[in-house]
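Here the structure comes first, spelled out in structure tokens, and everything after it is commentary.
The values are calculated or read from the model by the stated rules, or taken from the named source; none is laboratory data. Quantities reported herein were computed from a predicted structural model and do not represent experimental measurements. Here the Cβ positions follow ideal geometry from the backbone for every residue, glycine too, while neighbour counts run over all protein chains shown.
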Amino acid sequence: MRLNLRIWRQAGPEDKGRLVAYRVDDADEDMSFLELLDVLNEKLVLDGDEPVAFDHDCREGICGACSMVINGQPHGPQKATTTCQLHLRHFRDGESITIEPFRAAAFPVVKDLVVDRGALDRIVASGGYISAPTGAAPEAHATPVPKANADRAFTAAACIGCGACVAACPNGSASLFVGAKITHLGELPQGQPERSDRVVRMVETHDAEGFGGCTNTGECTVACPKEIPLDVISQLNRDYLHATTGGRRTA
Amino acid sequence: MTMTNYTDFTIGGPVADTAAPAGPVEERWERRRFGVKLVNPANKRKMKIIVVGTGLAGGSAAASLAELGYQVSSFCYQDSPRRAHSIAAQGGINAAKNYRNDGDSVHRLFYDTVKGGDFRSRESNVHRQADISLQIIDQCVAQGVPFAREYGGLLDTRSFGGAQVSRTFYARGQTGQQLLLGAYQALERQIDAGTVTMYPRHEMLDLIMVDGRARGIVARDLVTGETRSHLADAVVLASGGYGNVFYLSTNAKGCNVTASWRAHRRGALFANPCYTQIHPTCIPVSGDHQSKLTLMSESLRNDGRVWVPERAGDTRPPSDIPESERDYFLERQYPAYGNLVPRDIASRAAKNVCDAGRGVGPTGLGVYLDFAEAINRLGRAAVAAKYGNLFQMYQRITGEDPYVVPMRIFPAVHYTMGGLWVDYDLQSTIPGLFVVGEANFSDHGANRLGASALMQGLADGYFVLPNTIGDYLAGAKLHPVDPGADEVRATEHEVANRIETLLSIDGNRTVDSFHRELGHLLWDQCGMERTDAGLRKALDRIPELRREFWSSVKVPGTGAQLNQSLERAGRVADFLELAELMCLDALHRTESCGGHFRAESQTEDGEAARDDEHFSYVGAWEYMGQGEPPVLHKEDLHFEYVTPSQRSYK
Ligand SMILES: Cc1cc2nc3c(=O)[nH]c(=O)nc-3n(C[C@H](O)[C@H](O)[C@H](O)COP(=O)(O)OP(=O)(O)OC[C@H]3O[C@@H](n4cnc5c(N)ncnc54)[C@H](O)[C@@H]3O)c2cc1C
Ligand code: SF4
Ligand code: FES
């Protein structure tokens, strides 16, 4: 099949960047979207051009590296699918496809489709963990966890940290990402001692990193390849309110 | 100058594991911990350790070492430590908790692993890992890893690959992800505390040696392109496996051997490079554009039946092929185990029918995994409940509905048992260089059992290394290294020159085209089945390919920027050297064992014939220069607790 691509090219953070048109004539509907870019890049290299830079690694929808906006949608048109799992059979022969980086105030462009999502790591560093130094753990069965809590914790823990929620949000908010971690750890008995501290710190870091506030547009959960439910944001808000009005539970 | 052949290797002195304690196997780890020298807490704060890699092994090691008080620098090539390829592990992690009361014990896990490794691993190491497996589950639960639980709130387990007890802990199909997030969060906590300095998007390109010890690395900042040295008191490699040498594998695109290979070139012995694991149930290649392979969980073989058409060249759709013209070859060849034979056997059987022209799908490299019988027997709903997410994943990739059309599967490279040689303390033959996780060779022998790589990575990182590295640091009397020292400058220059060379060749072939060709060659000659003639063919071709690479590769752009072609070029250059060693190792090991099947060494009925008399050793290779014959050092293996026996699945 033949595809007409318009791809965001930006040499570096200082460059203004622009969309550049390319055509791929020998695409195949069994190709993944990233393989389409591989084919284009091989050609660009042989033509003496610079290939399109994009983040990717596992190519099976779990590492969270791939990050592009395809025809206006982070990770493209397929529900619950990362870019690397998207296949060309969902596109028509002759179709035009626009490919841009995940855009957000907190995600500066590094080059072409590659952005810097380090702010998400810094949010986790500020409190997205349970302090359990190696060696100090009690026997695993000492604290049973009701299955319902374990299942809800798991659903939230499935977040791959890709940042599509941020790219989809008109405010550039990472509330779905933060809410997912708050819910994962907050559902577990092990997560209780630091629960209030955690939410306050993560929210403070979120705001300081330049992510916007949540106005409940719900775009995040639609874009999320792991279908993290919107109710993690309500959980985040409840925990935050409790921590800031009810007093922090820990020092 | 006389020409020496790469295959004219020589045999050097034996290599001995001098850190391994003696005594009853179940007391050795305890004894070793008591025997190690301790570093006093005030000194720990002054000591710096570099950890390359943030997967289960490196992430857990960096966090644990920082908790102990060391200053840690942690490196990964991805944009975040959370993206290391451990994230992709699906099935689970073994631990001998015996929560099921089904007869499991540390000794049984030890026994199964030694046997599963086809008697090519060390009893001491395997026992330690089985012992530590108990603590791993405790540690991960304390961190909030959301393992699957039963209604009573206790942890659920399942059975896995061959084991007769239910000891595999899991978190749906995302066990690796959840374990890694636990280690990553512990790591981020230390980053916030200032005890770990994180260098994401940094690639280690060489090891710095001073006075015969590992004292740092040269790394390239993948964003700015700056290469510079980072100095330390000890270096830990946790850089994962090298399955990507085959181009197509279940590894992530960035997985590489560079860190290990550079250390090998600096003197670290590389052990058992030919031991690779080929997983039978992966989604087949769909065309030349294919960039990686996706694993489908082994559990599918519980209900799926594997078959191909009886007649070669039969291109009818599967639904048009009557029962009488189908060959359920695993059931036919292995009536006792049927579709549930171990990984290596299932993989080789699939290869054989495809070689005979009976493979299915557009490329002829595939076999059917058919659920029709299971759907009839159990009903569609029951099959969906068990395998629904896997069916969905399959359909997303292939566009075919496995409820209606049988799945097509084919074996793919999955894991590498070989790696840098380490002693019981996980120290390589270079003092001060430690190796953990898939990057070392230590605990799986010639074949890894399912759900034991996660166990090994976390055992190494959380519990073994933090207890053993101190012995080196306390005893080494290290002086600070001057950043301007000759050894440091020289290594920086070598790295810079290599990058310059790669950029200046400006030939007419892309990096990927070389990688593909190398991958094909290895897959054909050093894959599921190896022969003397095939390996020699590969050993002839690899040096030529390497020369072609260095004279005609095209790497666009400059070194002073994000340059993904340059990153790949460096990795493929190292694969081109490693591949040669893999083939030589496979050639010299004329027995079949575990993942290494030598066609010349089989029983009358076509099964692997191990040769304990001649090959009960670890083959640890010393680098002598590019293309120069390396030197083989043997570490003899002794079995005091598990008596070597031949495997049979008929
Ligand atoms: C698809 C798949 C499924 C699997 N399922 C299971 C399972 O169910 N159970 C099981 O036990 N095992 C499983 N395995 C095996 C297991 O996941 C791996 O062996 C294990 O996770 C490896 O961990 P590691 O920490 O050694 O390396 P990795 O997780 O691969 O981490 C390597 C790290 O090193 C870094 N790195 C590499 N090179 C460099 C360099 N030159 N410079 C800087 N950084 C570098 C990377 O950035 C990364 O952080 C599976 C493997 C695959 C591929
Ligand atoms: S919440 Fe969803 S979209 Fe946001 S980072 Fe996590 S997986 Fe990506
Ligand atoms: S490349 Fe890993 S999620 Fe897409």
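B:VAL218 passes every criterion in (1) more than 30 Å from A:ALA53 (Cβ to Cβ); (2) in a strand (DSSP E or B) apart from (1). Looking only at residues in the stretch A:45-77 that are facing chain B (nearest Cβ under 8 Å) and either of a type in the set (S, T, N, Q) or not in a loop (DSSP other than H, G, I, E, B) (or both), the one that is nearest to ligand 1 (Cβ to nearest atom) is A:VAL45.
Taking the conditions (1) in contact (Cβ under 8 Å) with a residue 60 or more places away in the chain; (2) within 12 Å of chain A (Cβ to nearest Cβ) in turn, B:ASP118 satisfies each one other than (2). On the stretch given as the stretch B:277-306, residues that are away from every other protein chain (no Cβ under 14 Å) and not acidic (Asp, Glu) total 11. For A:PHE177, the conditions (1) surrounded by 24 or more Cβ atoms within 10 Å (Cβ to Cβ); (2) not in a helix (DSSP H, G or I) all hold with the exception of (2).
Would you say B:ILE397 is crowded, with 23+ Cβ neighbours inside 10 Å, among the β-branched types (Val, Ile, Thr) and farther than 21 Å from B:SER121 by Cβ? So B:ILE397 fails the test. Scanning the stretch A:151-174 for residues that are surrounded by 24 or more Cβ atoms within 10 Å (Cβ to Cβ) and basic (Lys, Arg) returns no hits. Within the stretch A:65-72, is there a residue that is away from ligand 3 (no atom under 16 Å from the Cβ) and surrounded by fewer than 21 Cβ atoms within 10 Å (Cβ to Cβ)? Yes, that holds for at least one residue.
Contact annotation: residue pairs with Cβ atoms under 7 Å, 6 or more positions apart or on different chains, pairing a residue in the stretch B:181-194 that is within 17 Å of A:CYS159 (Cβ to Cβ) and at the interface with another protein chain (Cβ under 7 Å from one of its Cβ atoms) with a partner that is in a helix (DSSP H, G or I) and not hydroxyl-bearing (Ser, Thr, Tyr), are B:LEU181/A:ALA157; B:LEU181/B:ARG82; B:GLN185/A:VAL124; B:GLN185/B:GLN143; B:GLU188/A:ASP121; B:GLU188/A:VAL124; B:GLU188/A:ALA125. Among the residues of the stretch A:78-107 satisfying the criterion of being in a strand (DSSP E or B) and not small (Gly, Ala, Ser), which is nearest to ligand 2 (Cβ to nearest atom)? Restricting to residues being in a strand (DSSP E or B) and not small (Gly, Ala, Ser), the top hit is A:PRO101.
For the stretch B:145-169, residues that are in a loop (DSSP other than H, G, I, E, B), in contact (Cβ under 8 Å) with a residue 40 or more places away in the chain and crowded, with 24+ Cβ neighbours inside 10 Å total 1.
Cβ-Cβ contacts under 6 Å between residues 6 or more apart (or on different chains), taken from a first residue in the stretch B:246-261 that is more than 17 Å from B:LEU295 (Cα to Cα) to a second residue that is assigned to a helix (DSSP H, G or I), are listed as B:ASN256/B:ARG571; B:VAL257/B:ASP574; B:VAL257/B:LEU578; B:THR258/B:ARG571; B:THR258/B:ASP574; B:SER260/B:ALA439; B:TRP261/B:ASP574; B:TRP261/B:LEU578.
The set of residues from the stretch A:180-207 being of a type in the set (S, T, N, Q) and either within 16 Å of ligand 1 (Cβ to nearest atom) or crowded, with 24+ Cβ neighbours inside 10 Å (or both) comprises just one member, A:THR183.
Can you tell me which residue is farthest from B:ILE430 (Cα to Cα) among those in the stretch B:597-624 that are modelled with pLDDT under 95 and in contact with a Phe, Trp or Tyr (Cβ under 9 Å, 6 or more places away or on another chain)? Of everything passing the filter in the stretch B:597-624, B:GLU607 is farthest from B:ILE430 (Cα to Cα).
Condition first: among the aliphatic types (A, V, I, L, M) and surrounded by fewer than 21 Cβ atoms within 10 Å (Cβ to Cβ). Can you find one or more residues in the stretch B:329-342 that meet it? Yes, the stretch B:329-342 contains at least one residue that is among the aliphatic types (A, V, I, L, M) and surrounded by fewer than 21 Cβ atoms within 10 Å (Cβ to Cβ). Do we have any residue at all in the stretch B:96-112 that's away from ligand 3 (no atom under 16 Å from the Cβ), within 12 Å of chain A (Cβ to nearest Cβ), in contact (Cβ under 8 Å) with a residue 60 or more places away in the chain and touching a helix residue (DSSP H, G or I) at 6+ places or on another chain (Cβ under 7 Å)? Looking through the stretch B:96-112, at least one residue is away from ligand 3 (no atom under 16 Å from the Cβ), within 12 Å of chain A (Cβ to nearest Cβ), in contact (Cβ under 8 Å) with a residue 60 or more places away in the chain and touching a helix residue (DSSP H, G or I) at 6+ places or on another chain (Cβ under 7 Å). Answer yes if at least one residue in the stretch A:45-59 is more than 24 Å from B:MET296 (Cα to Cα), without any contact (Cβ under 8 Å) to a residue 24 or more places away in the chain, acidic (Asp, Glu) and in contact with an Asp or Glu (Cβ under 7 Å, 6 or more places away or on another chain), and no otherwise. No, every residue in the stretch A:45-59 fails to be more than 24 Å from B:MET296 (Cα to Cα), without any contact (Cβ under 8 Å) to a residue 24 or more places away in the chain, acidic (Asp, Glu) and in contact with an Asp or Glu (Cβ under 7 Å, 6 or more places away or on another chain). Across the stretch A:32-51, what is the total count of residues that are among the aliphatic types (A, V, I, L, M) and away from ligand 3 (no atom under 15 Å from the Cβ)? Within the stretch A:32-51, residues that are among the aliphatic types (A, V, I, L, M) and away from ligand 3 (no atom under 15 Å from the Cβ) number 5.
A single member of A:GLY128, A:GLY161 is assigned to a loop (DSSP other than H, G, I, E, B), touching a Leu at 6+ places or on another chain (Cβ under 8 Å), within 16 Å of ligand 1 (Cβ to nearest atom) and touching a residue at least 24 places away in the same chain (Cβ under 8 Å), and it is A:GLY161.
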